[in-house]
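Every read-out reported here was derived from the displayed coordinates using simple, explicitly stated rules and does not represent laboratory data. None of the values given here were measured: they were computed from a predicted structure. Cβ placement follows ideal geometry from the backbone for every residue including glycine, while neighbour counts extend to all protein chains displayed.
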Amino acid sequence: MLFLKKNVRCFVALLAVLLCLGGCIHLGPKETTTDPITTQPPLEDVKAEHYYKDATYAYVTDVDEGVLMTGLSKTYLLLANKSCVLGADYEPQELVTLPAKWTTYSMKLEARAADALTEMLEEMAAAGIRDTYVTSAYRSYKRQQELFEGYREKEMQGFSTEAYDFLGYEYIYNQYLVNGKKGLNATDAERVVLSYSAAPGTSEHQTGLCVDFITAEMAGILDVRFEQSDVFAWLKENAYKFGFVLRYPKGKETTTGYSYEPWHYRFVGREAATDIYCANLTLEEYLGAVEQ
Ligand code: DAL
Ligand code: ZN
């Protein structure tokens, strides 16, 4: 019952925002209230130039505008979070394998998101940034369950940085260390894991619309060092031009429900990504689905 209620609420919120946006979005140049966007490549290098509202998108590779624009399609604005649950049976309509040169192992992504990702990685390479890999893309319910359970076990075997960040040193000291305990109990372990990993059935990775990036330098360990990379600096300025947004920003943890993840980017299509980027929103805020 609760599950049904939550899903109906998510759907209604999404519909309301889409109807509202339908009335105020105009595709085409020079027609909006958002600030003009200025981060553009040198004019002499530009091969493709497109427009949306006040945004001029200039690309140094021959990007295909068709794969980047989704016209605020509901498919690409699908919300998956702690309240908007996908459930065990949700599967994206069309998954394709990502080109091996961009990934750390074989993985799949929704077809349109995969095309946009490829365009973005080509442009990034053309800008001289070649140390970029996708380390996670589509994850099935079962894979998320394995990951989640693995994290929970790890938290019960010691005190991770994430545990100290989430529970605080004083709590861990008083509840555990003074008693000589070597790891968190099941309840605390789950609370900590939920701050950085989605429970099965609630992960955005199950939508097939998001990716986690990593650099070769990080040697397989995905953490906030990613924020120091050229890849992050480039994505921060350019991802929206390819329809991607930083999904779990710093300072928006209470809205998204997750700690900051500089590496996690979500495909929403170029129009929504531009709106979200210009107004500094989370997807929840954009969709008006934030629970009060
Ligand atoms: N790390 C993100 C929140 C996930 O597990 O989907
Ligand atoms: Zn992720």
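What distance in nm separates the two pseudo spin-label positions at Lys47 and Lys250, each 7 Å out from Cα along the beta-carbon direction?
Result for the modelled spin labels: 3.4 nm.
Expressed as an acute angle from 0 to 90° and rounded to the nearest 10, what is the orientation of the C-alpha long axis of helix 111-126 relative to the principal long axis of the chain?
80 degrees
Quick query: amide H of Gly208 versus all other amide H atoms, modeled in the peptide plane; which residues come in under 5 Å with a sequence gap of 5 or more or a different chain?
Under 5 Å from the amide H of Gly208: Arg139.
Along region 273-284, what does the Karplus equation 6.51 cos²θ - 1.76 cosθ + 1.60 (θ = phi - 60°) give for ³J(HN,Hα), rounded to whole Hz, x for Gly and Pro?
Result, rounded to whole Hz: 4, 5, 4, 5, 5, 5, 9, 6, 10, 8, 5, 4.
Once amide H atoms are placed 1.01 Å from N in the peptide plane, what residues at a sequence separation of 5 or more from Tyr57, or on another chain, have their amide H within under 5 Å of its amide H?
His50, Tyr51, Tyr52
Step through the residues of region 189-200 one at a time and calculate ³J(HN,Hα) from phi using the Karplus curve (6.51 cos²θ - 1.76 cosθ + 1.60, θ = phi - 60°), rounding each to whole Hz and writing x for Gly and Pro.
So the Karplus estimates, Gly and Pro as x, are 4, 5, 4, 5, 4, 5, 7, 10, 10, 7, 5, x Hz.
Tabulate in residue order the Karplus-calculated ³J(HN,Hα) for region 85-95, using 6.51 cos²θ - 1.76 cosθ + 1.60 with θ = phi - 60°, rounded to whole Hz; enter x for Gly and Pro.
Per-residue couplings from phi come out as 8, 7, x, 6, 8, 5, 9, x, 5, 9, 9 Hz.
Can you give the calculated 222 nm mean residue ellipticity of the chain, where each DSSP H run of n ≥ 4 adds -39,500 (n - 2.57) and the sum is split over every residue, rounded to the nearest 500 deg cm²/dmol?
Helices in the chain give a 222 nm mean residue ellipticity of -11500 deg cm²/dmol.
What do you get for the angle between helix 2-24 and the principal long axis of the chain? Use alpha-carbon atoms, 0 to 90 degrees, nearest ten.
Roughly 20 degrees, rounded to the nearest 10.
Under 15 Å Cα-Cα from Lys82, which aspartates and glutamates qualify once same-chain neighbours fewer than 8 residues away are excluded?
Straight-distance partners of Lys82: Glu190, Glu204, Glu253, Glu284, Glu285, Glu291.
Could you give the angle, 0 to 90 degrees to the nearest 10, between helix 141-156's Cα long axis and the longest principal axis of the Cα atoms of the chain?
Here the helix axis deviates by roughly 40 degrees.
So between Asp165 and Asp64, what do we pick up on full extension, going 0.36 nm a residue minus the alpha carbon distance?
Gain on stretching Asp165 to Asp64: 32.1 nm.
Can you tell me the length gained on complete extension of the stretch Thr97 to Arg225, counting 0.36 nm per residue apart and subtracting the Cα distance? Present the calculation step by step, with values, prior to reporting the outcome.
Numbers: separation 128, 0.36 × 128 = 46.08 nm, distance 2.74 nm.
Taking Thr97 through Arg225 to full extension adds about 43.3 nm, to one decimal.
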